[in-house]
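Here's the structure, in structure tokens; my notes come after.
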Amino acid sequence: CMDFSASAEIWKFFRKYKLSQLVSVAENAKPNEISVFGPNPSSGVVQLYSNSSEQQGYSLLGADGKLLNSGFIQFGLNSIELPHNGLSYIRIHKTGQVIKLISLPGHN
């Protein structure tokens, strides 16, 4: 059995990348698009990122299409609480964009 240093192996892998080469969710998003920043699946709260300078209204819908909640998403990161476990959807009013979200008990 060979021993190895896990941190050395991890460093060998990551040192070939430079921070300036990495892209963020914001750089890949289309104009006025909402992106899931994480986590999805979640334990009840998901982070969404908006690159729009305009406030955008949303509806949170259950898997059956019933309205669970509604609100507004601002520019930047936004925390959205998912009121139950399972599948739900966020529909952005202005663009019609739909995002599928999953909430699992105790999942991080």
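Of all residues in segment 39-56, exactly one satisfies the criterion of being assigned to a strand (DSSP E or B) and exposed (fewer than 13 other Cβ atoms within 10 Å of the Cβ), namely V45.
Conditions tested, residue by residue: (1) part of a loop (DSSP other than H, G, I, E, B); (2) of a type in the set (K, R); (3) surrounded by 13 or more Cβ atoms within 10 Å (Cβ to Cβ).
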site: L68; (1), (2), (3): no, no, yes
site: F72; (1), (2), (3): no, no, no
site: N78; (1), (2), (3): no, no, yes
site: P83; (1), (2), (3): yes, no, no
site: P105; (1), (2), (3): yes, no, no
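Just so you know, in segment 85-97 the residues that are aliphatic (A, V, I, L, M) and over 13 Å from the mean Cα position of the chain (by Cα) include one that is surrounded by the most Cβ atoms within 10 Å (Cβ to Cβ), and it is I92. Please verify whether segment 16-34 includes one or more residues that are modelled with pLDDT of 80 or more, open to solvent by less than 90 Å² (accessible area, probe 1.4 Å), under 28 Å from S103 (Cβ atoms) and under 22 Å from the mean Cα position of the chain (by Cα). Within segment 16-34, one or more residues are modelled with pLDDT of 80 or more, open to solvent by less than 90 Å² (accessible area, probe 1.4 Å), under 28 Å from S103 (Cβ atoms) and under 22 Å from the mean Cα position of the chain (by Cα).
The values are calculated or read from the model by the stated rules, or taken from the named source; none is laboratory data. These numbers were taken from a predicted model, which means no experiment stands behind them. Using ideal geometry, Cβ is built from the backbone for each residue, glycine included, and neighbour counts are taken over all protein chains shown. For the accessible areas, the whole protein counts, side chains as well, though only heavy atoms, and no ligand, DNA or RNA atoms are used. Shrake-Rupley method; radii C 1.70, N 1.55, O 1.52, S 1.80 Å.
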